[in-house]
Amino acid sequence: MLLLFLLVLLSQNYFSRGDLIADTCRKTDYPRICISTLRSNPDSKTADVKGLVRIILKAALGKANTIFNQANDLLKKTKDRLVRQSLDVCVSVYEGALDEIPDAIANVGTNNSVANIKASATIDDADTCEESFSNSPFTADNNAVKQLAVVALDIIASLG
Ligand SMILES: *[C@@H]1O[C@H](CO)[C@@H](O)[C@H](O)[C@H]1NC(C)=O
């Protein structure tokens, strides 16, 4: 009887853990990238909702870092003046994002309005980089940064 009770408790806990990611992501604008990002990070198994936001933002930080490094690499190889201007824009805005995203991570749960401002700024950074090109080499990663930041904002808003 006790064993059965424990099994029921454990299975409820198991399912409610599984549901936290699905439930959290379902309420966001980009549930697919939300779920795939969280499922690919083992830390999300034990995270609360604030922890899930931090994991989403860390993924955005990784993408931002990739774009920043690629833009710097391309600057070394590119002669075209207009392309260089666009790459400079991306280096500049993502340099900002590499400060803003850790600030957002640090403020989730303690100062959600600051976390919100920093994540919103990151969306603008991705847009600014993307729109600086007529033919952007960073579309996929800019979209990922933007969508992850939107997901973070959606979840932060649900924290109240
Ligand atoms: C959040 O941080 C801002 C800027 O530092 C500050 O003005 C505000 O009072 C803080 N809010 C809370 C709830 O701590």
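Readers should treat all values here as calculations from the given coordinates under stated rules, not as data from a laboratory. Remember, predicted model here, so these are calculated numbers, not experimental data. Every residue, glycine as well, gets a Cβ built from its backbone with ideal geometry; the counts of neighbours run over all protein chains shown.
Extending 7 Å from the Cα toward the beta-carbon at both K27 and S136 defines two label points whose distance is 2.9 nm.
Computed from Cα atoms, the angle from the helix 2-26 axis to the main principal axis of the chain rounds to 20 degrees. Can you tell me the 0 to 90 degree angle between the C-alpha axis of helix 49-77 and the longest principal axis of the chain, rounded to 10? Once rounded, the angle reads 20 degrees. Among the trypsin sites (Lys or Arg not before Pro) within segment 63-160, which fall in a DSSP loop and have no more than 15 other Cβ atoms within 10 Å of their own Cβ? Filter output for segment 63-160: K79. The angle between the Cα long axis of helix 81-107 and the longest principal axis of the Cα atoms of the chain comes to about 30 degrees, rounded to the nearest 10. Pairs to check: K77/K146; K79/K146; K76/K146; K63/K118; K27/K118; K45/K146. Give those whose C-alpha atoms are more than 19 Å from each other in this structure. Listed pairs above 19 Å: K77/K146; K79/K146; K76/K146; K27/K118; K45/K146.
Pulled fully out, how much extra length does the chain show between L75 and S158, if you take 0.36 nm times their separation in residues and subtract their Cα-Cα distance?
Details: separation 83, 0.36 × 83 = 29.88 nm, distance 4.04 nm.
Here the answer is 25.8 nm.
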